[in-house]
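Laboratory data are not the source of any read-out in this text; all were calculated from the coordinates shown. Since the structure is predicted, the reported quantities are computational estimates derived from the model, not experimental observations. In this analysis, Cβ positions are derived from the backbone assuming ideal geometry, glycine residues included, and neighbour counts consider all displayed protein chains.
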Amino acid sequence: MTRRIGTGISRRLLLAGAALAAPAIRRAHAAEPLKIGNALPLTGSQAGYGSDFLIGTKMGVTDVNAAGGIAGRTVELVALDTQAEPQLGINVANRFIGVEKLPMFYSSWSQVVKAQAPVANREKVLLINNGANSPEIATLGDYVYTAFPLAEVDVTKLARYVYTVLGKRRAAVLYINNDTGIDAAKLYRDTFTAAGGQIVVFEAYDPKATEFTGMLLKTRAANPDIVHIHGLTADTPQVIAQMRQLGLNQRVTSYSAAYNPKLLEQLGAAAEGLIVTSLAPGVKDNPKVATLLDRWKTEQGRMPNGLPYIQYQYDMIWLSKALYEYLDKKSLPATGDTLREALLTVGTFELPMTGRMVLDGHRVNKPVYLLTVEKGAFVPLATLT
Amino acid sequence: MFDPVILAQILWTGIATASPFVLLTAGFALTLKVTGLWNFAQAGLMAIAFYTMFFALNAFGLPVVAAVPLGVVVTSAAALVIEAYGLQVLRERHSGNLTFFIFTLILSEFIIYVLTLAFGTEPQTLFKSILSPVSIIGDIAVSDWDKVAVAMAATGLALLWGFMHGTREGQFLTAVADNAPLAELYGISAIRAYRVTAVIAALFIVAAMYLIGSHGGIVPNTPLELVLTAVIATLLGGIGRVFAAAAAAVFLALIQSFSILFIDSRWQNLLLYGFLFAAILLFPRGVRLIAIRR
């Protein structure tokens, strides 16, 4: 009896204390910045993209802080270097979770996200992919989600477009032999074949290769109507350059990694006709993108590498704002589980640069914007919904 | 795939692609012949050569005719500093081959580390455009880069041959390579021979890095991969046989190029490692030389 009364009093006291303490905790938190983690390649062969992604994220942080921060707290970005290497990616994930005590972090590059996924699942920390496109990312576990459309979105739509609109029937698929290339190349092959086309060359190249003559001669012998290259920023221009030098003049398609001004510089006239995908609206589709681009050019004095990816990096902070504000409204602590709940419950997010994001399980679907190179510049070609 | 035009194209492109490796191998094998050292510091010199030319062309806006000589001066100076204040000090201390190996490898790693801090790790090319005009000769696509590469390799080897066989300095190098103490008895300076060798190797390195850097992207640690090819070709060619090593570099490139007829292109680089193991296990002359020196 005494125990029951005692327990009841203790519970009431605890609840009352907690209720009184909650605003105090929020006030204490208000003084502390809210840390958001982003794993990026800031050195290494992918640093050209990674460094620009970081600038995009910082722009998002500046704007969110200028708009009052997240739930009254200023945002502090914690960006760590992965060099786009899986092992370093695991180290970064451990640092975010073990040292920075973050309940959620963002990451990019397929091989890195795949390596970090077991850590995030084990520690029940939310990992949101914000730039990798391997279809396998949708199957990496309960705590791994994506804000960036996976290859099945742009690659499948592109493959269908090539067959149905461009009328190409024989395609060659050349891809880098890593997580970025392998899955996407299979998707392209399967979609193009299912549409009725024929894949006449399906060839992978070593990620460190600089000489592609043999592979390209195989392609020349097969005489395709179109060539799809699924590589990275460093190797794709070299493959196209050597292709043109060997007399292969077929139209080339690629994905968003090839939507890069440096590629135009390196290839000049050889880039004409190249078709790339973009998973974010362009300057003509969204005036905010034009403002972002003008601001970028003013601050950096140049064009960004991979504008669509940068739009996603910018929006990452606004996505975080939506998640944390959900927790604040529900008075929930920030953990991997509650943030995951917020992501799944809110489901639809209106983001300033990339538009509406609707979560579909572990995937998101978005329109695909096709661009082609005309007179040395990327120009809109079609929008695939 | 076995069309004669395709086979001829693979042959030509293989030879052109081999050209910078021929130059690197000639410099590496000459150094091994004269000094008796597997000089892995040459990877660091390759990085110095490339980034000097890259900086001169892109930061200073110098023309090629100024950037390449600047590359030669800086790389030669670096090679001489390494020779005089590194390798010669170790020789005077009668250091073992393992010490030389560790010193040259660590030195390369250090140079690459410093260059990474200075230039970052984004792939860089010497020129903004990596395209080279192409002409079709008998159905074979021949780019201007191909012609320059083959011409530079052929000229480099011819000049080296002429130097080694037609000049007293070249004959001194051979004498020091054969027996340094005996050569010194005849008044030939081994130290001078080592320094001349360092400068010749630097010239070959600059030429090779110009070709590689104008054809594709380079990151600071690319030279560590390039030196691997030079090591394998040197082993295959035979220790002390500079021109045979250069021929082995062509052989390796052709094997890699023609392998595409039988294997997937992703496996091409694996062949190099196969040759490395085969050269070490089946061509023991180099290994025996190291054992004797120990």
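What are the ³J(HN,Hα) couplings of the range A:96-112, residue after residue, when phi is run through the Karplus curve with 6.51, -1.76, 1.60 and θ = phi - 60°? Round to Hz, x for glycine and proline.
Karplus values, whole Hz, x for Gly and Pro: 4, 7, x, 9, 7, 6, 7, x, 7, 8, 10, 8, 9, 6, 3, 5, 6.
Could you work out the percent of alpha carbon pairs in the range B:1-144 separated by over 28 Å, rounded to a whole number? List each step's numbers first, then the result.
On the way: 3780 of 10296 pairs.
Tail of the P(r) past 28 Å holds 37 percent of the pairs.
List the chymotrypsin sites (Phe, Trp or Tyr not before Pro) within the range B:139-192 that DSSP assigns to loop and that have no more than 16 neighbouring Cβ atoms inside 10 Å.
When the chymotrypsin sites (Phe, Trp or Tyr not before Pro) of the range B:139-192 are filtered for loop state and at most 16 Cβ neighbours within 10 Å, B:Y186 remain.
For a Förster distance of 41 Å, can you work out the FRET efficiency between the beta-carbons of A:E100 and A:S331, rounded to the nearest 0.05?
0.95
From the Cα gyration tensor of the range A:252-385, with a ≥ b ≥ c the square roots of its eigenvalues, which class applies: rounded if a/c is under 1.5, or else prolate if a/b is larger than b/c, or else oblate? Don't skip to the answer; put the middle values down first.
Working: a/c = 2.87, a/b = 2.07, b/c = 1.39.
Prolate, because a/c is 1.5 or more and a/b exceeds b/c.
Evaluate the charge dipole of chain A about its Cα centre and quote only its size in Debye, nearest 20, assuming +1 on the Cβ of each Lys and Arg and -1 on the Cβ of each Asp and Glu.
Taking the Cα centre of chain A as origin, the dipole is about 920 debye.
How far is the Cα center of the range A:280-300 from the Cα center of the range B:47-74, in Å?
If you average the Cα positions of each part, the centres end up 36 Å apart.
Just checking the output field for B:215-223: average partner chain Cβ neighbours within 10 Å of each residue's Cβ? Each step should come with its number before you reach the end.
Working: counts 5, 11, 8, 1, 5, 0, 2, 3, 0.
Average per residue, whole number: 4.
In deg cm²/dmol and to the nearest 500, what is the mean residue ellipticity at 222 nm of chain A if only DSSP H runs of at least 4 residues count, each as -39500 (n - 2.57), divided by the residue total?
Counting only the DSSP helices, I get -15500 deg cm²/dmol.
Which aspartates and glutamates, if any, have their Cα less than 18 Å from the Cα of A:K124, not counting same-chain residues under 8 positions apart?
The qualifying aspartates and glutamates are A:E100, A:D142, A:D337, A:E341.
Put +1 on the Cβ of every Lys and Arg and -1 on every Asp and Glu Cβ in the range B:88-198; which of B:A118, B:V148, B:L185 then has its Cα farthest towards the positive end of the dipole?
After comparing all options, I get B:L185.
Alpha carbons only, please: Rg and Dmax for the range B:60-173, in angstrom.
19.6, 59
Under a 10 Å cutoff between Cα atoms, tell me which one of B:L70, B:L23, B:L159 has the largest fluctuation in the Gaussian network model of chain B.
Among B:L70, B:L23, B:L159, the largest GNM mean-square fluctuation belongs to B:L159.
Can you grab the distance from the C-alpha centre of the range B:249-269 to the C-alpha centre of the range B:122-198, Å, no decimals?
Cα centroid of the range B:249-269 versus Cα centroid of the range B:122-198: 25 Å apart.
For a quick check, take a GNM of chain B with Cα springs below 10 Å and name the residue from B:I136, B:I48, B:I232 with the largest mean-square fluctuation.
Of the options given, B:I136 has the highest mean-square fluctuation.
In cubic angstrom, how much convex hull volume per residue do the alpha carbon atoms of the range B:4-293 span? Please list the in-between numbers first.
On the way: hull volume 39.7 nm³, N = 290.
Given the Cα convex hull of the range B:4-293, per-residue volume reads 137 Å³.
Find the relative contact order for chain A and round it to a whole percent, using C-alpha pairs within less than 8 Å whose residues are 6+ positions apart.
Relative contact order, chain A: 16 percent.
Search the structure for amide H atoms under 5 Å from the amide H of A:R251, placed 1.01 Å from N in the peptide plane, and list their residues when 5 or more places away or on another chain.
Sorted by chain and number, the residues that satisfy this are A:V227.
About its Cα centre, how strong a charge dipole does the range B:4-293 have in debye, to the nearest 20, once Lys and Arg get +1 and Asp and Glu get -1 at the Cβ? Show your work: numbers first, answer last.
Numbers: 13 positive and 12 negative charges, 115 e Å.
With only Lys, Arg, Asp and Glu charged at Cβ, the dipole is about 560 debye.
Taking beta carbons within 10 Å but only from partner chains, what does the mean come to for residues B:250-260? Before the final figure, lay out the partial values.
Working: counts 0, 0, 0, 1, 0, 0, 3, 4, 1, 1, 8.
Other-chain Cβ atoms within 10 Å of each residue's Cβ, averaged: 2.
When the Cα centres of the range B:1-27 and the range A:100-170 are compared, how far apart do they sit, in Å?
Here the two parts' Cα centres lie 39 Å apart.
Percent antiparallel among DSSP beta bridges with both residues in the protein assembly as shown, to the nearest 5?
Numbers: 23 of 56 bridges.
Roughly 40 percent of the beta bridges in the protein assembly as shown run antiparallel, per DSSP.
Other chains near A:241-249: what is the mean number of their Cβ atoms within 10 Å of each residue's Cβ?
Mean shielding count: 5.
If we count other beta carbons within 10 Å of each Cβ, what is the order of A:H228, B:H215, fewest first?
With the sparsest Cβ surroundings first, the list reads B:H215, A:H228.
By a straight-distance test (C-alpha under 23 Å), which lysines pair with A:K288 as possible cross-link partners, with residues fewer than eight away in the same chain excluded?
Cα-Cα hits under 23 Å: A:K58, A:K297, A:K321, A:K366.
Using all alpha carbons of chain A, what is the percent of pairwise distances in each 10 Å bin, ordered from the shortest bin to the longest?
5, 23, 31, 22, 11, 5, 3, 1, 0, 0
Two-decimal Rg/Rh of the protein assembly as shown from alpha-carbon positions, Kirkwood Rh? Display every interim value, and only then the final one.
Numbers: Rg = 29.3 Å, Rh = 27.8 Å.
Expressed as Rg/Rh, it is 1.06.
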